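Comments concern the structure below.
The values are calculated or read from the model by the stated rules, or taken from the named source; none is laboratory data. This one's a predicted model, so the numbers in the text were calculated from it and none came from an experiment. Cβ sites come from the backbone with ideal geometry, for glycine too, and all protein chains shown count toward neighbours.
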Amino acid sequence: MNRSNVDKIKSFESPPKLVNIFSDSEIKMIQELYKQLPERVFNQKQNVRKKMWVQKYNEELDKIYINKLKEVLGDFKMDNLKDEKDNDFYGIIHESFSPLKLHVDSGFGKEDIIYKQAITPLSDYGETVIFKNKWYGKSTTFTIDEEDLKFKPGLGQNDRSNKHLGNKDFDKDMYNKYLTHIDYNNLKGLEIQYVYKWKVGETLIIDRTHIHSSSSNIKDKKLGLTTFTKK
């Protein structure tokens, strides 16, 4: 996909930022919401369970969440999936039992001006690896596996690509420390910008064009909320 508005997207980009916008009680409300929400996806290949933040399960929390995000992001529109009544989901709460691999959450709309994603840990242990490298195509999973590259995505599914690759060998020490769940050769040309070590109560704000992955370091599972926005 050749995305329109790339210059506009770049004009809104900024370095990764950590913010503390939710109180302990608000984090507990989000954790409780997760228990109440219906399961939408259990991806056995990725070993991750996903629930969409459906509006009106807790209307007070709906308002708190949107208002707190606006304090940090200014004006934005949601760019998550929608329910059958065309209402925005407020995010995806994901319970991961294995580390996610190399991908970008850059959306699917050619004309969209993609903006920020917010990652809010709901469990204490986890790590997210943010790379300096960016991607302006649609949401993509990066792979050098020839069979995986033949995958034809359906609606709302990530493309597959190896066009992220560069010439410089990836830092071997960083690989051994954080990324052993990924084929080393699939990281050629990439460079880490930031490793976020999860802490409940914080929210990480990054550009949606950042290539990223989970760290290979995981204890049993991790639980987090991710919200995607656009202008």
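For this structure, a couple of remarks:
- Counted residues, segment 151-188 - those being loosely packed, with under 12 Cβ neighbours inside 10 Å and touching a Lys or Arg at 6+ places or on another chain (Cβ under 8 Å): 2
- Candidates are the residues of segment 70-84 that are acidic (Asp, Glu) and in a loop (DSSP other than H, G, I, E, B); the one that is surrounded by the most Cβ atoms within 10 Å (Cβ to Cβ) is Asp79.
The rows are residues; the columns are (1) touching a Leu at 6+ places or on another chain (Cβ under 8 Å); (2) assigned to a strand (DSSP E or B); (3) on the phi < 0 side of the Ramachandran plot; (4) not basic (Lys, Arg).
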site: Lys152; (1), (2), (3), (4): no, no, yes, no
site: Gln157; (1), (2), (3), (4): no, no, yes, yes
site: Phe170; (1), (2), (3), (4): yes, no, yes, yes
site: Tyr175; (1), (2), (3), (4): yes, no, yes, yes
site: Asn186; (1), (2), (3), (4): yes, no, yes, yes
site: Lys199; (1), (2), (3), (4): no, no, yes, no
site: Asp220; (1), (2), (3), (4): no, no, no, yes
site: Leu223; (1), (2), (3), (4): yes, yes, yes, yes
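So that you can scan it fast, the table gives a plain yes or no per residue for (1) assigned to a loop (DSSP other than H, G, I, E, B); (2) modelled with pLDDT of 95 or more:
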{"site": "Pro15", "(1), (2)": "yes, yes"}
{"site": "Ile30", "(1), (2)": "no, yes"}
{"site": "Pro38", "(1), (2)": "yes, no"}
{"site": "Lys50", "(1), (2)": "no, no"}
{"site": "Ile119", "(1), (2)": "no, yes"}
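- Residues of segment 189-226 satisfying the condition of being modelled with pLDDT of 95 or more, surrounded by fewer than 17 Cβ atoms within 10 Å (Cβ to Cβ) and either within 10 Å of the chain's Cα centre (by Cα) or of a type in the set (Lys, Arg) (or both): Lys197, Lys199
- Restricting segment 78-100 to residues that are touching a Leu at 6+ places or on another chain (Cβ under 9 Å) and among the charged types (D, E, K, R), the residue that is farthest from Leu37 (Cα to Cα): Asp88
- Test: residue in segment 127-145 that is surrounded by 16 or more Cβ atoms within 10 Å (Cβ to Cβ), at positive phi and not acidic (Asp, Glu): no
To keep it simple, each residue is scored yes or no on (1) modelled with pLDDT under 95; (2) surrounded by 16 or more Cβ atoms within 10 Å (Cβ to Cβ); (3) not in a loop (DSSP other than H, G, I, E, B).
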site	(1), (2), (3)
Lys45	yes, no, no
Val54	yes, yes, no
Lys68	no, yes, yes
Asp86	yes, no, no
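- As a summary of the residue check, Pro38 satisfies the conditions (1) over 25 Å from Ser123 (Cβ atoms); (2) surrounded by fewer than 14 Cβ atoms within 10 Å (Cβ to Cβ); (3) touching a Lys or Arg at 6+ places or on another chain (Cβ under 9 Å) except for the one numbered (1).
- Residue match in segment 98-113 (condition: within 19 Å of Arg49 (Cβ to Cβ), surrounded by 21 or more Cβ atoms within 10 Å (Cβ to Cβ) and touching a His at 6+ places or on another chain (Cβ under 6 Å)): yes
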